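Novice: Okay, handing you the structure first.
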Amino acid sequence: MAITIPLVLLLAVVVVLLLRFKAVGAGAAVAVALFGFYLAHTGAADTVNQLVTAVTDAMPGIRR
């Protein structure tokens, strides 16, 4: 049985943990989130999506 976790949820958990352990400030987390949001609306979004898909497909045992 394979358990799948959406990449967005996994990244949200990472951000929360980084904020919790003060490895990154709240301002930096907001800046990165906004950058990702605006990046999704550019022509680079398809390239980023293909890169993430290729990386996750290359890892054994990880399914989308």
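Novice: What number of residues within region 2-25 satisfy the criterion of being within 17 Å of THR56 (Cβ to Cβ), open to solvent by less than 100 Å² (accessible area, probe 1.4 Å) and assigned to a helix (DSSP H, G or I)?
Specialist: Within region 2-25, residues that are within 17 Å of THR56 (Cβ to Cβ), open to solvent by less than 100 Å² (accessible area, probe 1.4 Å) and assigned to a helix (DSSP H, G or I) number 7.
Novice: For region 26-48, give me each residue that is farther than 17 Å from ALA12 by Cβ and not in a helix (DSSP H, G or I). Let's see the steps before the verdict.
Specialist: Here is the first cut: in region 26-48, the residues farther than 17 Å from ALA12 by Cβ are 27, 38, 41-48.
Correct list: HIS41, THR42, GLY43.
The values are calculated or read from the model by the stated rules, or taken from the named source; none is laboratory data. Just so it is clear, the model here is predicted, and its values are computed rather than measured. So basically every Cβ, Gly included, is an ideal-geometry build from the backbone, and we count neighbours across all protein chains shown. Accessible surface areas use protein heavy atoms only, side chains included; no ligands, DNA or RNA. Shrake-Rupley method; radii C 1.70, N 1.55, O 1.52, S 1.80 Å.
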